[in-house]
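See structure below.
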Amino acid sequence: PGKAFSMELAPFKLNDEFMEVIGGKDSKYFKQYLDLCSEALLAVQKHATELITMIDIMMYHSNYPSFRYNPKALLDFRSRLHLDIPDSEIPKVINKLINKSMDHAGTDLYDRFQLLTNGIAK
């Protein structure tokens, strides 16, 4: 997140264990997960102005690495909201993000790195 160094390049963490719990990519629960993620993004988009303003305030003289080492953090956050995408296209965006996140090698590497350096198991 801080852009100085990151192994975690997936849009978000979506590991095998989670996919197993929801019954895999062909299950009705996976479809429900896709639908809920789409609804969540649409709900967040409705409050984009407030969220962007809050992030902007949080960034001011922040010591958080995500803000400190990434001068484009606010632009990055705004782009993740996909405000330029029509509502009807949001499910396609979500599907693409989920497909990119599933079985992402960077997630596994990052989990191993955390275990070795900090003793944090996934």
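The values are calculated or read from the model by the stated rules, or taken from the named source; none is laboratory data. These numbers were taken from a predicted model, which means no experiment stands behind them. A quick note on method: Cβ atoms are made from the backbone with ideal geometry, for glycine too, and the neighbour counts reach across all protein chains shown. Heads up: the accessible areas ignore ligands, DNA and RNA and are worked out on the full protein's heavy atoms, side chains in. Shrake-Rupley method; radii C 1.70, N 1.55, O 1.52, S 1.80 Å.
Quick check for you: with a 1.4 Å probe and neighbouring chains kept, what is the accessible area per residue of segment 11-122, in Å²?
In whole numbers, segment 11-122 has 73 Å² accessible per residue.
What's the carbon and sulfur percent of segment 43-122's accessible surface, probe 1.4 angstrom, rounded to a whole number?
Accessible surface attributable to carbon and sulfur in segment 43-122 totals 60 percent.
Might you report the magnitude of the Cβ-based charge dipole of the chain about its Cα centre, with Lys and Arg at +1 and Asp and Glu at -1, to the nearest 20 debye?
Here the size comes out at about 260 debye.
Would you list 61, 104, 47 from the most to the least accessible area, probe 1.4 Å?
Descending accessible area places them as 61, 47, 104.
Which of 75, 36, 83 ends up with the largest GNM mean-square fluctuation for the chain, with Cα atoms connected below 10 Å?
75
Considering the dipole of the chain built from charges on the beta carbon (Lys and Arg +1, Asp and Glu -1) around the Cα centre, which of 48, 98, 38 is farthest to its positive end?
Toward the positive end, the furthest listed residue is 48.
What GluC sites (Glu not before Pro) does segment 4-64 have in DSSP loop regions with at most 16 other beta carbons within 10 Å?
Qualifying residues, ordered by number: 8.
Can you give me the P(r) profile for the chain? Cα pairs, bins 10 angstrom wide beginning at 0, each as a whole percent.
12, 33, 36, 18, 1
Find the lysine pairs in the chain meeting two conditions, Cα atoms under 21 Å apart and a separation of 8 or more places or different chains, and report how many there are.
For the chain, the number of qualifying lysine pairs is 22.
Quick one: among 69, 60, 29, which has the greatest mean-square fluctuation in a GNM of the chain with alpha-carbon springs under 10 angstrom?
Ranking 69, 60, 29 by mean-square fluctuation puts 60 first.
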